[in-house]
Structures are given as C-alpha cells and as structure tokens.
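Bear in mind that the values in this text are calculations on the coordinates, not laboratory data. Every value quoted in this text rests on a predicted model; they were computed, and no experiment measured them. For neighbour counting, all protein chains shown are included, and Cβ atoms are generated from backbone atoms with ideal geometry for every residue, glycine included.
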Amino acid sequence: MPTVSLRLYAGLKDMVGARDLDLRLPEGATVGHLRERLGDEYPAVRAMLSVLVFAVDEEYVPSSHLLREGDHVALIPPVSGGSRCSS
Amino acid sequence: MFVLTGDPLDPGPLVAAVRTDDVGAVALFFGVVRNENLGRAVRYLEYDAYPEMAITKMKEVAGEVRAKFPVTGVGAMHRVGRLEIGETSLLVAVASPHRVEAFAACHYAVDRIKQIVPIWKKEVWEDGEEWIEGNVPDVPPDSSRS
C-alpha cells in the first residue's frame, strides 16, 4: 500500500483547501488510478479532472505511470504563465 | 539564466547573461499585467508556481529553442506572487547573430513557456476572482510499463 505525497496548485489548491496531501493507494496503483481516487475523495475537483495532468520528479507522466511508495506527485491544472497577450 | 522570483524583474542582468561578442541581436519580451481581460476590469494578478519544475521546464524550452533556431543565448525570468497593473510577469531574452532569428526564437520561447511551464495566474476583479486555465501541457503517451 504505497503512500504518495501530493502537491496542489492554483485553483485545485483552493478547491481542496490544502497545498499538500498524503494519499494511500493500492499496490500497483497508477496515475490513472490516482485520478479516479481524487474524484471519489474530493467531489469538488471532479470537473477539473479531465484537464488535470500529473508530474513526478518534475516530469509530466502518463496515466499508465506506476506510483511508488514516497513518490512526490504534483497535480498540474492547465498552466497560465506569462501575460494574456497571445491568448 | 532562468529565474523564478517574488521580486520585480530587471531585464538588465538577463540581457547581460545571454549576450556574447558574436551576438548582433537580442530580442527581449516583456509580459506585462494589463488592466482588463474580456471586458472585465482587473485589479491585480496573483501567480502560483511549482518552482523547481518551472525552472526545469524553462530550461527545456531553451533546449528546444536552441535545437530549432540558430541562437547563441536563451534566458527567462518569471515573477510569482501578487503583481499590480503594469508590472512585468515574464521576461524572455534570446540572443542571435541576426535579428530575424532572434525575433522568431523569442516568439517561440514565449509560446512554449505558456504551454508547458507550471505557473498559474489568478485574476482579481472588483467583484470576484478566478484562476485562469490556460494550456494543458503535453504528457508522454501511455505505455504498458513505465
């Protein structure tokens, strides 16, 4: 049962009300499982799940990425750095 | 030079960091906080970031720029925290022997920073606020093992 550390940003952090969360996942859990689990535990974030991406060790990872004990997982909403000029 | 800071951005050191003696042009982009968006008056912006990964991804953008354009120097700075109208949120500097490549490479770098660097802005209006959802970064394809 690996426990992973989650870090939340921007609107997601506000919705959940925390910057950091620990979550215990079943053995063999992937990023895809984590996404489902987040929707179960935090209904407020469900609307954002389809556009949320995940990063482990500062790299974006796909849904198939296997999570391990002690992983630090960043939950990345659509990014919006810079000014608004080119959007 | 790749920097994320809560302090006002100064272009001088960034230009100095990318310029070398073989450079004929430095293109410098300022992203500046504007007082309205979609017809709504903006009071100020608040930026959040994943600092370590933001630096990693800015460097990745610089690597892409160097692979695509004949440039000799690339640097970027992004501000975080609360920014007032008129303040600079993003600086990108690209140095090249010639101006055409410097402009094109700088344009590309700004677009990519806005696509993949984990930084977010919240607009604060008179009557509310909203985190702006911009671009969903590209994620590597699924594989059976990872």
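Where does helix B:51-68 land angle-wise versus the long Cα axis of chain B, in degrees 0 to 90, nearest 10? So the helix axis and the longest Cα principal axis differ by about 40 degrees. Only lysine pairs 8 or more places apart or on separate chains count here, and in the protein assembly as shown those with Cα atoms under 22 Å apart total 13.
Looking at the square roots a ≥ b ≥ c of the eigenvalues of the Cα gyration tensor of the range B:51-146, which shape do they give, rounded for a/c under 1.5, prolate if a/b is larger than b/c, or oblate?
Note, shape of the range B:51-146 comes out oblate.
Note on B:V94, B:V15: ascending count of other Cβ atoms within 10 Å places them as B:V15, B:V94, the fewest first. Listing B:K59, B:K122 from fewest to most neighbouring C-beta atoms within 10 Å gives B:K59, B:K122. Under a Cβ-Cβ cut-off of 15 Å, what is the net charge of the residues other than A:R35 that fall near it, where Lys and Arg count +1 and Asp and Glu count -1? Local net charge: -3. Per residue, the convex hull around the alpha carbon atoms of chain A comes to 101 Å³.
Classify the protein assembly as shown as rounded, prolate or oblate from the Cα gyration tensor: take a ≥ b ≥ c as the square roots of its eigenvalues, call it rounded if a/c is under 1.5, otherwise prolate when a/b beats b/c and oblate if not. It comes out oblate by the Cα gyration axes. Only Cα pairs under 8 Å and 6+ residues apart enter the sum, and on that basis the relative contact order of chain B stands at 33 percent. Provide A:R46, B:R112 in ascending order of the number of other Cβ atoms located within 10 Å of each residue's Cβ, fewest first. Exposure proxy ranking, most exposed first: A:R46, B:R112. Principal-axis analysis of the Cα atoms of chain A puts helix A:31-41 at an angle of about 80° to the longest axis. For the range A:1-73, GluC sites (Glu not before Pro) meeting the loop criterion (DSSP other than H, G, I, E, B) and having at most 15 other Cβ atoms within 10 Å: A:E27, A:E69.
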